[in-house]
Amino acid sequence: MQKNFSIFILSISILLIEFIPTKTFAQAGNLDSSFHFDGITGLTYWDTYGDTRAQSIAIQMDGKIVVAGFHKTGTYYAFALARYKTDGTLDSTFHSDGLVTTGFYASDSKAYSVAIQPDGKIVATGYCYHTVYGQNVFAVARYNTDGTLDATFNIDGMAFANFGSGDQNAYGVAVQADGKIVVAGTGTFNPTPVDNYICVARFTSTGSLDLTFSGNGLFSALTSGAGYDSYAFDVEIQLNQKILIAGSITSATGTKIAILRLDATGNFDNSFDANGVVTAQINNISSGANRMCLQPDQKILVVGGSNNKQMVMRFNTNGSIDSTFDADGYVLIDYGSTSNNGYDIALAPDGKIIPAGIMNPGGGNYDFALSRLNTDGSFDLSFSGDGKMTLSLSTLDDWCYGVAVQSDGKIVATGHSVSANLEGSFKTVRIISCATTFSTETASECLQYYWDQTQQTLTASGNYYVTYPNAEGCDSIITLNLTIYQLPNVSVTQTGNILTASLSGATYQWLDCNNNNDPIPGATNQTYVATTNGSYRVEITKNGCTDYSVCKTVTGVGINELPISDSEIQIYPNPTSGFINIQSENLLEKITVMDISGRKIFAEENISSKEISVDLSAFAEGIYLLQIVNVKGGIVFSKILKY
């Protein structure tokens, strides 16, 4: 079967050579057809009975997807939760039909945020109209994994927080490591003038207000100053258990992004921009934050809007703006529309950043609008071609309020579509994220390498790349780090009967050219000393490449074993178990001791004496070759037997 792929090599000169025409596979940013057939879910029986709007999304450890918002059940709004299986169908193990509604005091109740506890229980928060207080107050509901209210949470699964006179609404929820639940939102109190305050409540794991937090479990602050408003829309818990609140404040110069950090006891953390409060405005234009998320390094990402653009800003852990993020700390995203805003933000497993919200092309209807940014704030061009995508899910408005990322990198976004009668219905989509997969092969070969990924024979070292579609139909890039070795240098130098290969650090085998190139036993060193006249060559192997030298002819070799009485050289004792003594009628210049393969194991030069002793006691038993050179250039060889 013919494979589809593209391949190129990046050489030292940065030359790009494309061997096969590039084929474009399905890009990240496509709807996932394995999710409810077309990548879109959401029409439930609620739609038949009234207005239904999704506001938040969370993914369980088992991959199931929980969406929270509100649904109008006739007269009143109620908390509304849906749980989907990984294939996008409603989960019948969740309240039998995958849908749960919860009303508080037969009055309006709306959920704006949802979180999953480590034990799998589901926490939803928003507001309800409390008939006792006669106003809207913070409302929290906790559900068991089957969708029933958790009776261990404030007896009936529902808890409230009232900050005083004036309506209050909770927009964000987070669960601490100790199981305590932190809820953040806004309260409209009634001093003169009437101002909106940032409000934070902390509940124990059993649903009562936590009195170790700000004295009574409640924290409120008018960070904007009197006469202006302060809003909180999200909350996150840092690894050190400090509490971050994100929202906005109004001021004489317009709306500003606002981030607060509280310590674990509910007091301002003065190590966060000196007073626990950070505000920011982009180019002196009104800017606000709607949601946030924390990176693993604890840097803070917020999403919202500025100058009718979707806005993402990153802050360092001390509250300063992170200038390494797109050079100035923020990214403004324009989807080619007159109105853009960001309502949620999530991190992919590879650290990429996914802001989500809405766009309006001008005079038309709102659509889902999502982007994917690299960790430095630049657009990830592998996502939908330009890093941005929009989705029109109906003929009218489609509002995206929540986004989350699965462990496999797929993006799940939720919101609602508005029908002709202006009633909303849950809409959840899953988008192929295709975090491009990478793998590397390393190979080395002599002269050429056949790469089965491309069915090509490669003859040059370098980094080769091939792209295939992965299981999701997106790019899987395979890199080949290839080293091609050339044949070794096989030149040989000759001095008399001594042959030396020029190349060091290789494997050697000397061969007898006169005997069918048979290997000479033990002759495996860089230097070979021929003990008989003949013709010799060397086989050299390095980095898997083997080549042969030309044959070298050796003549004039004689092994001298003359009796002592017949020679000017006397060698004794021979055989020996230790020392041998050498006496000569002429001054000696050099002696060399070699093993039978010709490997030099001992040498002494510039002797200038007629006598010398050599200690062989440390040598193994066997036959050794002794080469003796006198000052007149005379050379004699002798075999020595060591026992």
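The values are calculated or read from the model by the stated rules, or taken from the named source; none is laboratory data. None of the values given here were measured: they were computed from a predicted structure. Because the Cβ atoms are built from the backbone with ideal geometry, glycine has one as well, and the counts that use them run over all protein chains shown. We work out accessible area using only protein heavy atoms, side chains counted, and drop any ligands, DNA or RNA first. Shrake-Rupley method; radii C 1.70, N 1.55, O 1.52, S 1.80 Å.
Could you tell me which residue of segment 120-136 is surrounded by the most Cβ atoms within 10 Å (Cβ to Cβ), considering only residues that are under 18 Å from THR204 (Cβ atoms) and hydrophobic (A, V, I, L, M, F, W, C)?
ALA124
If only one of PHE70, PHE104, PHE94, PHE79 is under 24 Å from PHE37 (Cβ atoms), among the aromatic types (Phe, Trp, Tyr) and more than 28 Å from the chain's Cα centre (by Cα), which one is it?
PHE94
Could you check GLY598 against (1) among the small types (Gly, Ala, Ser); (2) open to solvent by less than 30 Å² (accessible area, probe 1.4 Å); (3) within 23 Å of TYR528 (Cβ to Cβ); (4) part of a strand (DSSP E or B) and say which number it fails?
(4) is the only condition that GLY598 fails.
Need the failing condition index for ALA274 against (1) at pLDDT below 95; (2) not in a loop (DSSP other than H, G, I, E, B), just the number.
Evaluating ALA274 over (1) at pLDDT below 95; (2) not in a loop (DSSP other than H, G, I, E, B) leaves (2) as the failure.
Here are some residues: THR145, THR93. Which one is open to solvent by 40 Å² or more (accessible area, probe 1.4 Å), within 29 Å of GLN241 (Cα to Cα), modelled with pLDDT of 95 or more and among the polar types (S, T, N, Q)?
Working: THR93 fails: within 29 Å of GLN241 (Cα to Cα).
Testing whether each residue is open to solvent by 40 Å² or more (accessible area, probe 1.4 Å), within 29 Å of GLN241 (Cα to Cα), modelled with pLDDT of 95 or more and among the polar types (S, T, N, Q) leaves just THR145.
Among (1) buried (at least 20 other Cβ atoms within 10 Å of the Cβ); (2) part of a loop (DSSP other than H, G, I, E, B); (3) touching a Phe, Trp or Tyr at 6+ places or on another chain (Cβ under 9 Å), which single condition is GLY247 missing?
Among (1) buried (at least 20 other Cβ atoms within 10 Å of the Cβ); (2) part of a loop (DSSP other than H, G, I, E, B); (3) touching a Phe, Trp or Tyr at 6+ places or on another chain (Cβ under 9 Å), GLY247 violates only (2).
Pairs, please: C-beta under 8 Å, at least 6 apart or cross-chain, first residue at negative phi and in segment 605-629, second part of a loop (DSSP other than H, G, I, E, B) and open to solvent by 70 Å² or more (accessible area, probe 1.4 Å)?
GLU621/TYR643; ILE623/ILE596; TYR624/ILE596; LEU625/ILE596
Scan the strands (runs of 3 or more DSSP E) fully inside segment 318-412 and keep the ones with 1 or more residues being acidic (Asp, Glu) and in contact (Cβ under 8 Å) with a residue 12 or more places away in the chain.
339-347, 367-371, 398-405
Kindly indicate which of THR541, THR507 is touching a residue at least 40 places away in the same chain (Cβ under 8 Å), polar (S, T, N, Q), in contact with a Ser or Thr (Cβ under 8 Å, 6 or more places away or on another chain) and within 30 Å of TYR450 (Cα to Cα).
Matching residue, one of THR541, THR507: THR541.
Based on this model, can you work out whether ILE635 counts as surrounded by 15 or more Cβ atoms within 10 Å (Cβ to Cβ) and either out of contact with any His (no Cβ under 8 Å at 6 or more places or on another chain) or charged (D, E, K, R) (or both)?
Criteria met by ILE635.
Any idea how many residues of segment 278-313 are open to solvent by 20 Å² or more (accessible area, probe 1.4 Å) and not in a loop (DSSP other than H, G, I, E, B)?
6
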